[in-house]
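Each remark here refers to the structure printed beneath this line.
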Amino acid sequence: MTVSDVTAPTAAEAVTAADEHPFVSRVAHYADSVLRPTALRTDREGVDATRVAEFSRLGLLNHAAPARFGGAEVGRDGDRRLHEILSGACFNTWLVWAQHAPIVGRLAKTLAEGTDLPDIGHEILHGRVLLGAAISDVRRFPDHHITATRVPGGWTFSGAISWVSGWGLNTVLTVAAVESSTRTVVTALVPVGDRTRAEHLDLSAVAGSRTERVVLDDVTVPDGNVIGTEPLSVWRSNDLGTASDARPHHFGLAEAVLRELDQSRNQRAREVAAVWRPRLERLRIQAYALADETAAAGDGRHRIDERLATKAASGEALTTLTRALVVARAGHGIRLDDTAQLYARSALFVLVQGQTSDVRDAQLTRLAL
Ligand SMILES: Cc1cc2nc3c(=O)[nH]c(=O)nc-3n(C[C@H](O)[C@H](O)[C@H](O)COP(=O)(O)OP(=O)(O)OC[C@H]3O[C@@H](n4cnc5c(N)ncnc54)[C@H](O)[C@@H]3O)c2cc1C
């Protein structure tokens, strides 16, 4: 499979230009001075409540919300840039934030379209709550999913959520459950409480993200907390529209690794950076252009093979670059106090994150060439 010609690089340029936005530049300063220097410790000890409070103060918990909620009204380009900056500085912190951030934009859009939100939705737009996400199990329907059962005035959600990042920090989860007889996906805001029980996962990568398996023990969800119902086919098409693309965190992590290769004392390591930097930029240009085209087409399968190829190529570029950094750092590179091993393990996670069966097939097909 080959990646086709690149369209004009305007989308990627707009993302880079978002550095001029005062909000983005404040976050970049915070990322450089607080997140990056503590990334190794955060990987070992976990993202903590202090960090969430810092995010709240910085406006990162409602960056996409309207000004009347105290939000910075950051648009698509700025949002992509924030994902690049945060993932490059501390991948664990980024992963926790990445579960929260898209829902803020979704709620702001719902409100702008004239649909009122539950009280909890207003709290989220004010940036007072950190959300977790329990979305990905829908991909496994019918083998495994959270079940949604209709009851008077709402729904009952039951089942085991395979992955919830930010557990212990988030007070509300965005849960996507499936009503199987009508094949309807019900997405709702579910407060963490007595009926949401975590089971510990031992992770070899992104362990600092506090990712756990969470059991929903017949949780009652009032209609007011439902933020969307849609046919499973529509959900799947929308999921294809995001999970099939190389995303900003690919490029944020790559930039962090390229920078450290650039700073290496080893001339050959600097050469690796010089060779790969333009390749990564080309993938970034392509990924953002294809994602924008797909959104405009409103069809999750738009140019799907090229998008999957771009995502698979980005994942492989990351494993290659991070491997190069380990090689350049020699034995020290696999000590827990070295960023090379942190980046290499983060790159492994990127390979499985947001992985649909289409993505997996594209990755394995490429590896079998
Ligand atoms: C650390 C981490 C954090 C995450 N955080 C979140 C989050 O906060 N919110 C969220 O919604 N999602 C989260 N995800 C989900 C992520 O997006 C999923 O990895 C992705 O959707 C793929 O799903 P899966 O790993 O559950 O694959 P599955 O659907 O479980 O597995 C897919 C395929 O893998 C193979 N397979 C699975 N198990 C085995 C086995 N035991 N032996 C052999 N083959 C097997 C089979 O071929 C199977 O069909 C997280 C994932 C990880 C790893």
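The values are calculated or read from the model by the stated rules, or taken from the named source; none is laboratory data. Not measured: the values here are computed from a predicted model. Note that we place each Cβ from the backbone using ideal geometry, even for glycine, and neighbour counts take in every protein chain shown.
Name the single residue, out of those in the stretch 224-257 being in contact with a Leu (Cβ under 9 Å, 6 or more places away or on another chain) and within 16 Å of the ligand (Cβ to nearest atom), that is modelled with the lowest pLDDT. Once the filter is applied, the top-ranked residue is ILE227.
Evaluation of GLU306 against the conditions (1) within 20 Å of the chain's Cα centre (by Cα); (2) assigned to a helix (DSSP H, G or I); (3) not polar (S, T, N, Q) shows that the sole unmet condition is (1). Considering GLY208, GLY154, the condition of being over 25 Å from LEU117 (Cα atoms), crowded, with 17+ Cβ neighbours inside 10 Å and more than 10 Å from the ligand (Cβ to nearest atom) is satisfied by GLY208 alone.
For the stretch 330-354, a residue qualifies if it is more than 16 Å from the ligand (Cβ to nearest atom) and small (Gly, Ala, Ser), and the qualifying residues are ALA330, GLY331, GLY333, ALA340. Taking LEU290, is it in contact with a helix residue (DSSP H, G or I) (Cβ under 9 Å, 6 or more places away or on another chain) and more than 15 Å from the ligand (Cβ to nearest atom)? Judged against the criteria, LEU290 is a match. Can GLY298 be described as away from the ligand (no atom under 16 Å from the Cβ), farther than 23 Å from GLY88 by Cα and out of contact with any His (no Cβ under 8 Å at 6 or more places or on another chain)? It is true that GLY298 is away from the ligand (no atom under 16 Å from the Cβ), farther than 23 Å from GLY88 by Cα and out of contact with any His (no Cβ under 8 Å at 6 or more places or on another chain). Restricting the search to the stretch 345-354, which residues are part of a helix (DSSP H, G or I) and surrounded by fewer than 22 Cβ atoms within 10 Å (Cβ to Cβ)? Once the filter is applied, which keeps residues that are part of a helix (DSSP H, G or I) and surrounded by fewer than 22 Cβ atoms within 10 Å (Cβ to Cβ), the stretch 345-354 yields ARG345, LEU348, PHE349, LEU351, VAL352. Which ones in the stretch 12-42 are in contact with a Phe, Trp or Tyr (Cβ under 8 Å, 6 or more places away or on another chain) and either loosely packed, with under 13 Cβ neighbours inside 10 Å or not small (Gly, Ala, Ser) (or both)? Scanning the stretch 12-42 gives a single hit, VAL15.
More than 20 Å from the chain's Cα centre (by Cα) and at negative phi: does that describe ARG150? In short, yes.
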